[in-house]
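The values are calculated or read from the model by the stated rules, or taken from the named source; none is laboratory data. Please read these numbers as outputs of a predicted model, since none were measured by experiment. Counting neighbours? That spans all protein chains shown, and the Cβs are built from the backbone with ideal geometry, glycine included.
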Amino acid sequence: MDRHVSLLGVLARVWGALAAVVGVSLLLLAAGALAELLDPVGPVSELAAGVAAGAFAAGGLFALAWGGVHLWAAARLTEFRPSGRIAMLALAVVNLLVFPPGTALGMYALWVLLSPDLQRRFTAARTR
């Protein structure tokens, strides 16, 4: 099962890094919409530019936070810390809704982290 935990850690890191890249991209789009709002090149709806800037900024911050939590949980998980297991279980349940790659990652994470052997391993790591 250690190989599965290592693989899950790698997959969670990749998923977190991709989310961080999406977050940075959305923040750059928000900056572009804000620039258009502050100094319009042509006729532009201030409402539309403001809504776009706000939506891109909110989405970007959420994606950065989502990626950061995945990176944090993956680091704790590969060290066999119980907090990493709990966090990854919570993330796996939410990832089930992100169809299709998140669903696959969530199902794999639930399969790995809910196995009885691994539960004993994390319990033993907590008592040390």
Inset, instruction - Kindly provide the set of residues from segment 89-127 that are closer than 17 Å to Arg3 by Cα, at pLDDT 90 or above, buried (at least 16 other Cβ atoms within 10 Å of the Cβ) and hydrophobic (A, V, I, L, M, F, W, C), ordered by number. - result: Leu105, Ala109, Leu110, Val112, Leu113
Inset, instruction - List every residue pair whose Cβ atoms sit under 9 Å apart, with the two residues 6 or more apart in sequence or on different chains, where the first one lies in segment 14-38 and is over 14 Å from Val51 (Cβ atoms) and the second, anywhere, is among the polar types (S, T, N, Q). - result: Trp15/Asn95
Legend entry - Verdict on Val41 being free of Cβ contacts under 8 Å to residues at least 40 places away in the same chain and in a loop (DSSP other than H, G, I, E, B): yes
Inset, instruction - Could you grab me the full set of residues in segment 65-93 that are more than 22 Å from Val22 (Cβ to Cβ) and among the β-branched types (Val, Ile, Thr)? - result: Thr78, Ile86
Legend entry - Meets criteria (under 11 Å from the mean Cα position of the chain (by Cα), under 30 Å from Ala75 (Cα atoms) and among the basic types (Lys, Arg)) for Arg3: no
Inset, instruction - Report, by residue number, each residue of segment 52-82 that is modelled with pLDDT of 95 or more and among the β-branched types (Val, Ile, Thr). - result: Val69
Legend entry - Matching option when the condition is in a helix (DSSP H, G or I) and under 15 Å from the mean Cα position of the chain (by Cα), among Ala35, Ala55, Ala48, Ala74: Ala74
Legend entry - Yes/no for Ala124 being of a type in the set (A, V, I, L, M) and within 25 Å of Leu26 (Cβ to Cβ): no
Inset, instruction - Examine segment 80-94 for a residue that is more than 24 Å from the chain's Cα centre (by Cα), outside any helix (DSSP H, G or I) and charged (D, E, K, R), and state whether such a residue exists. - result: no
